[in-house]
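Before any comments, here is the structure.
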Amino acid sequence: MPLNLTVNGQQHTVDVEPDTPLLWVLRDTLGLTGTKFGCGIAQCGACTVHVEGKTVRSCRTPVSAVGNRAVTTIEGLSADGLTHVQKAWIEEDVVQCGYCQSGQVMAAAALLAANPKPSDADIDKAMRRNICRCGVYQRIRKAVHRAAELAAADSTAGGA
Amino acid sequence: MAMKRREFLRDTAVAAGAFTLGFVIPGKVRAGAGEGAVSSAPFTPNAFIRITPDNQVTIILAKSEMGQSVYTSLPLIVAEELDADWQAIRVEQSKVDPAYNWPAFQMMITGGSTSVRTSWEALRQAGATARAMLLAAAAAAWGAPAARLVTADATITDPETGRSATFGEMAAAAAQQAVPADVTLKSPDRFRLVGKDQKRLDSELKVTGRATFGLDVAAPGLHYAVVARSPVFGGVLQSFDASRAEAMPGVVKVKQVPTGVAVIADSTWRAIKARDALDLTWDEQGNGGVDTDQMLQHYRELAGQPGFAVQEQGDFEAVAAQADQVIDATYEVPFLAHACMEPLNCTVHDRGASGGEGAEVRVGTQMQTADRAMAAGILGYEPEAVDLHTQFLGGGFGRRAAAWSDYVAEAAHVAKGEPWPVKTTWTREDDTRGGQYRPMTLHRSRLALDAGGRPLAWHNRVVGQSIDGFKMLGMEPENFDNAMIEGLKTQPYTVPLVNLEAHMTTSAVTTLWWRSVGHTHTAFMKETLFDEAAHAAGVDPMDYRLGLLEAHPRFVALLKKVREMSGWGRELPAGTGLGVAIEESFGSIVAEVAQVRVKGQKISVEKVWCAADVGFAVNPLGLREQMESGIIFGLSAALYGEITLKKGRVEQGNFNNYRVVRIDDAPAIEVEIIDSGAAMGGAGEPGTPPIFPAVGNAIFAASGKRLRSLPFRLS
């Protein structure tokens, strides 16, 4: 059954069963493999994407439930260059194997959009749904703070 | 400029003679260009370096990047001696080639925390040799003595004339130079890159989703498979009915493979759905009764009986009879799954099946040579006819150094004879229940103490399975395998008599190395036991250890370091305690102090201090990160990790019941490095072993409860 889907600003028509998880449509149908399969039951966060700016576990989101709402994946997070979160992640040398990091970056971006200056407790609360087996959690905390600083500095510089 | 093209590196044997580790600089990789193409030919002095006329320096990575940062630390070593421009380095994953073998097993392996230490000499030689040839080329071109020329950031300069050229400009001429039989390596005080914090080179790829892991492999005509496997270990398929599955949308083929039934579809999800519709009958081969509680009961019985004498230094019973006190304690650890973030997967294209040649395998693996040979054997090709491409690994931890290449072999069976490439994916449940676990293990330890509380004699009896991976490597253990007693023969504490016994058991459950292997349980046993001894002696556990390490200054230095870092001995709130542990593993020594708060039955690890001595840290930042990583990995197992079986079935399946540490229970971690100058040790694993006993000892300090089983539970 053809379904319409808007991903990273692009319209797609996909022919899949309506109960197909968004994750597999992104990965296998649209070739957007930046979004990862980790658990399939919304436990690990590797599949995190944004739907209308809010984090969603794409592995447990039927594609039919998305409707015409805008989906953003790691590939579409920034139209030009790296986001503050990505820059902070590089500065703080966060990643190791990196498999969970698309999801971590998406979760952090959504957190900062909602809360530009999160505390450690805010970070733990927002990021606890994203597992990292390499155990880079300490650097994730630091990098979220750093991304908040970068964003604040940018908005000051831009007078916004 | 008519120059005769010459071989760049003719005689690897001569070059190899110069290396202290017996690691050969391979020389069989050549520029593709023939006669007359000299000016545009890349300079490829050895299998690790390629310099093109545009001054791009590419370093070939012969190890698998699985989070441990070899993608950065190994090129760093080459770049140091080459004087390349670190900011402009490009890294390329190697093919499978004997040139990249780990000498110990004559195959490509990334494991045993060996990458940096076994590559160090060879990569330095590779870089220095290339640099010497570039210098010789410049010297010849400029009529200047090579000794006068200097190099930095991929540029050669003559300080007297001010003349300079990039490596790229000299690449073609360098390719014509004789390969020096001997090169001088930099003295460490001249290192510009090595020994200093270096950020990862693969960060941007990984924060933008552009890194290609095995599961992300794309190919024209790619098909997707999942396999229905036996619900019990060692089960055999008796019959199956695929008619419902075959009728489902997107299903292309259902076929039997040795491990079960593969469903091949046009998407992963459709394959998963169709697999659910298979009707399968299994012959459980008598393994439907495997039960870990019963196994543990059996282990406890064996612990009361003499085992195989691995090491016998005297009559323990006689000493114990005279001792002031004897601690008698049993420590138990469960099976553990690796639970890499990226579930197992492998993509195979049997090109020969559709008129092409050989096959292509794309996979995240720690063991390229063995995996390729396995796939080739199954597909019916010579190994050289199979192109194996190593992808980024979404975690390895030993699981991707698979005994008998299990997931690669299965994927080869799935794709065999098919005209299209097939990606075989394991779901999380498949991965968790797929076996190749850290073996369930029990130690019964007795430590006889004198009136002053010092050890007189130690008797340890271990019960557990051997690791299947050792058998695959040709090390057929008869009465015990080394992982069962790993580190115990060389344990550092002053004990006049140490006897080691082993009961090697068997079961249908498959076993494998799991980050830090035997040290995961030997360190837990040893460091908990000596903590118990300290308390029995009425001595502070830190002081007690220091008092038994007279002959081991590196251990002493590390313990003093974590004592200082953690403020050991300071006053703590009620219900909070510090625990210490130290372990030598994979050539490195790591001490850790954990601060734990116990409230009711809840255990919170608030902070960990870690001091590591790996001899010399090539990339201190990468090393600190590996310590953090090893600690969190161990902590997941210490607090939650447990694979159990009932009726032959693994009870855990996903992160909801195979729990791991999340950010809100991850402690802050401080790491300090001691560069002792000792022989270089490993980094990936040594951070893991001490965290188990450090946390357990801290729980005791916080609550007075001595926990001897993992995972730690206060109920």
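Dividing the Cα radius of gyration by the Kirkwood radius, what Rg/Rh value follows for the stretch B:384-481? Could you put the intermediate results ahead of the total?
Working: Rg = 21.1 Å, Rh = 17.7 Å.
Taking Rg over the Kirkwood Rh, I get 1.19.
So what's the back-of-envelope 222 nm ellipticity for the protein assembly as shown, counting only DSSP H runs of four-plus at -39500 (n - 2.57) apiece and dividing by all residues, rounded to 500? Show your work: numbers first, answer last.
Values: 23 runs with 251 residues, N = 875.
Rounded to the nearest 500, it is -8500 deg cm²/dmol.
I need B:GLU357, A:GLU17, B:GLU642 ordered by Cβ neighbour count within 10 Å, fewest first.
Numbers: B:GLU357 9, A:GLU17 17, B:GLU642 21.
So the residues, fewest neighbours to most, are B:GLU357, A:GLU17, B:GLU642.
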Label point distance in nm, B:VAL150-B:LYS489, each placed 7 Å from Cα along Cα→Cβ:
5.1
When you look at the Cβ of every residue in A:29-37, what mean number of other chain Cβ atoms sits within 10 Å?
5
Simple SL model, points at 7 angstrom along Cα→Cβ for B:GLU160 and B:LYS599; separation in nm is 7.5
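Between B:GLU606 and B:ALA140, what is the FRET efficiency for a Förster distance of 60 Å, r being their Cβ-Cβ separation, to the nearest 0.05?
Numbers: r = 64 Å, r/R0 = 1.06.
The formula returns an efficiency of 0.40 here.
Got a sec? How would B:SER69, B:SER604 order by Cβ neighbour count within 10 Å, fewest to most? Please list the in-between numbers first.
On the way: B:SER69 31, B:SER604 15.
By the 10 Å Cβ count, ascending, the order reads B:SER604, B:SER69.
Beta carbons within 10 angstrom, averaged per residue: use that to sort the peptides B:287-296, B:71-80, highest first.
Highest to lowest by the protection proxy: B:71-80, B:287-296.
So for each of A:125-137, A:18-30 I average, over its residues, the number of other beta carbons within 10 Å; can you give me the resulting order with the highest mean first?
Top of the packing list down: A:125-137, A:18-30.
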Under the Debye formula (equal points on every Cα, no solvent term), log10 I(q)/I(0) of the stretch A:13-134 at q = 0.11, 0.14, 0.19, 0.20 Å⁻¹:
-0.35, -0.57, -1.04, -1.15
By Kyte-Doolittle mean hydropathy of at least -1.0 and Cα axial length of at least 15 Å, which whole DSSP H helices of chain B are selected?
B:70-82, B:115-142, B:368-379, B:519-537, B:553-566, B:620-639, B:691-703
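What average number of partner chain Cβ atoms lie no more than 10 Å from the Cβ of the residues making up B:268-275?
Values: counts 7, 15, 5, 2, 3, 3, 0, 0.
Other-chain Cβ atoms within 10 Å of each residue's Cβ, averaged: 4.
Over every pair of different alpha-carbon atoms in the protein assembly as shown, take the mean of 1/r and invert it; report that Kirkwood radius in Å.
Working: mean 1/r = 0.0347 Å⁻¹.
After inverting the mean inverse Cα-Cα distance, the result is 28.8 Å.
Taking every pair of Cα atoms in chain B, average 1/r, invert it to obtain the Kirkwood radius, and report Rg/Rh to two decimals. Walk me through the intermediate numbers first.
On the way: Rg = 27.7 Å, Rh = 27.6 Å.
Over the Cα atoms of chain B, Rg/Rh equals 1.01.
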For B:ALA451 and B:ASP54 in one chain, what is 0.36 nm times their gap in residues minus the Cα-Cα distance, to one decimal in nm?
135.5 nm
Rounded to the nearest 10, the angle in degrees between the Cα long axis of helix A:101-114 and the longest principal axis of the Cα atoms of chain A comes to 70
Can you pick out the pairs among B:LYS599/B:LYS646; A:LYS142/B:LYS206; A:LYS125/B:LYS526; B:LYS199/B:LYS489 whose Cα atoms lie more than 29 Å from each other?
B:LYS599/B:LYS646; A:LYS125/B:LYS526; B:LYS199/B:LYS489
Averaged over the residues of B:195-208, the number of partner chain Cβ atoms within 10 Å of each residue's own Cβ comes to 6
Order of B:626-639, B:428-441 by packing, highest average Cβ count within 10 Å first?
B:626-639, B:428-441
Can you sort B:HIS349, B:HIS413, A:HIS145 so the residue with the fewest Cβ neighbours within 10 Å comes first?
A:HIS145, B:HIS413, B:HIS349
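Round to the nearest 0.05 the FRET efficiency obtained for B:GLU571 and B:LEU714 when R0 = 25 Å and r is the Cβ-Cβ distance. Each step should come with its number before you reach the end.
Details: r = 23 Å, r/R0 = 0.93.
So, using R0 = 25 Å, E works out to roughly 0.60.
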Within straight cross-link reach of B:LYS416, meaning Cα distance under 16 Å, which lysines are found once same-chain residues fewer than 8 apart are removed?
B:LYS253, B:LYS255
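Of all the Cα-Cα pairs you can form in the stretch B:40-82, what percent are over 15 Å apart?
Working: 396 of 903 pairs.
Distances greater than 15 Å cover 44 percent of the Cα pairs.
P(r) tail for the stretch B:466-546, what percent of Cα pairs lie past 16 Å? The partial results should precede the final answer.
Values: 1953 of 3240 pairs.
Pairs farther apart than 16 Å: 60 percent.
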At R0 = 51 Å, FRET efficiency that the Cβ-Cβ distance of B:ARG210 and B:ASP279 yields, to 0.05
0.75
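None of the figures in this text is laboratory data; all of them are computed from the coordinates on show. It should be emphasised that the depicted structure is a prediction, and the values quoted were computed from it without experimental measurement. Positions of Cβ are backbone-derived with ideal geometry, glycine not excepted, and every protein chain shown enters the neighbour counts.
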